[in-house]
Amino acid sequence: MRIEQILDERQPVFSFEFFPPKTEEGESNLRRALDDLKDDQPAFVSVTYGAGGSTRDKTVEIVKSIKQDYGIEAMAHFSLVGQSADGLRRQLDEIAEAGIENVLALRGDPPQGETEWIAHPEGLHYSVELIEMIKSDYDFCVGAACFPEVHPDAPSLDEDLKYLKRKVDAGASFLITQLFFDNKDYFNFVDEARGVGIDVPIIPGIWPVTNYTQIKRIAELCKSRFPDRFECELQERKDDLDAVADLGVAYATLQSIELLAKGAPGIHFYTLNRSPATRAILAALRSWGLPAVAPV
């Protein structure tokens, strides 16, 4: 089913993001997470690329498996890094032949070890060009990314919103946000986006913190900030992984409750291919009486 249709028929939606594992142990972790999380009846799941498109083929393989073996609606992240236009079309052909209906169109990150993004000499330069290609040649439902704290490469919020509007005008029918830890950033961003005519659903992306060192590194890369009090509490527990995870789950649960209560169309959980934190949040939402998912 197309995600735009799911969003029309079912709100709030709850979705999970996975990444392609590189080892047998990682493969086992992913399969365990899928086995667990399928019981929570996600509206859809998405599968990322590695940096620079390093797991491109694995992404397509996993998306096929989730759709065909688990019966869960799946979306492939699709970036233009390191690919010619013809290469992009070949990959899109493969996804379409597998019966996948949804793609998340991204520019993508530079290959690992590189800091500057450089377009393929026979490829595309911007995510909006990728959306235009997909919508002109294929029948996919296309999603796009957005950044409540402004894209790291954007000179200002105004410029970032202008570019986001171009992505929506090109055919993106829903948006998923980069991770954030202060809900005010999401609500302010949505207000600003509506003000420039962006009217598609904007799904907040929530990262349940389970490891302080890891999330600090990721937040720095994404230019995501922590509210002072939350960071202080994390720092006090940073050497105790269980305590960090307990706090991270509690904080993400409170984030989710407020987001849903104030009209967010759902929550997209960054799972790190593990199920306990996300399942605990969903159980808390059910216990609170929010229409998260049917009881398991």
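The values are calculated or read from the model by the stated rules, or taken from the named source; none is laboratory data. Computed from a predicted structure; not experimentally measured. Here the Cβ positions follow ideal geometry from the backbone for every residue, glycine too, while neighbour counts run over all protein chains shown. For the accessible areas, the whole protein counts, side chains as well, though only heavy atoms, and no ligand, DNA or RNA atoms are used. Shrake-Rupley method; radii C 1.70, N 1.55, O 1.52, S 1.80 Å.
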Leaving out ligands and nucleic acids, note down the accessible area per residue over the chain with a 1.4 angstrom probe, in whole Å². 46 Å²
Fully extended contour minus Cα-Cα distance, from residue 232 to residue 153, at 0.36 nm per residue: 25.6 nm
Considering only protein heavy atoms, what is the solvent-accessible area of residue 8 at a probe of 1.4 Å, reported in Å² to the nearest 10? 130 Å²
Taking a label point 7 Å from the Cα of residue 90 along Cα-to-Cβ, the residues of region 123-150 whose backbone nitrogen sits under 15 Å from it are 123
When only the heavy atoms of the protein chains count and the probe is 1.4 Å, how do 229, 279, 194 rank by accessible area, highest first? 229, 194, 279
Please report the carbon-and-sulfur percent of the accessible area for the chain; probe 1.4 Å, protein heavy atoms only, DNA, RNA and ligands left out. 47 percent
Could you work out the relative contact order of the chain? I mean the mean sequence separation of Cα pairs under 8 Å and 6+ apart, divided by the number of residues, in percent. 21 percent
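Using only the heavy atoms of the protein chains and a 1.4 Å probe, how would 1, 75 rank by accessible area, largest first?
Heavy-atom accessible area, descending, gives 1, 75.
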Using a 1.4 angstrom probe with every protein chain in place, what is the largest-first accessible-area order of 23, 210, 59? 23, 210, 59
Less than 18 Å apart at the alpha-carbon level, and either on another chain or at least 8 residues along: which lysines does that give for residue 38? 64, 67
How far apart, in nanometres, would the label points at residue 184 and residue 287 be if each is projected 7 angstrom from Cα along the Cα-to-Cβ direction? 2.9 nm
Mind checking which of 95, 206, 215 has the largest fluctuation in a GNM of the chain, springs on alpha carbons under 10 Å? 215
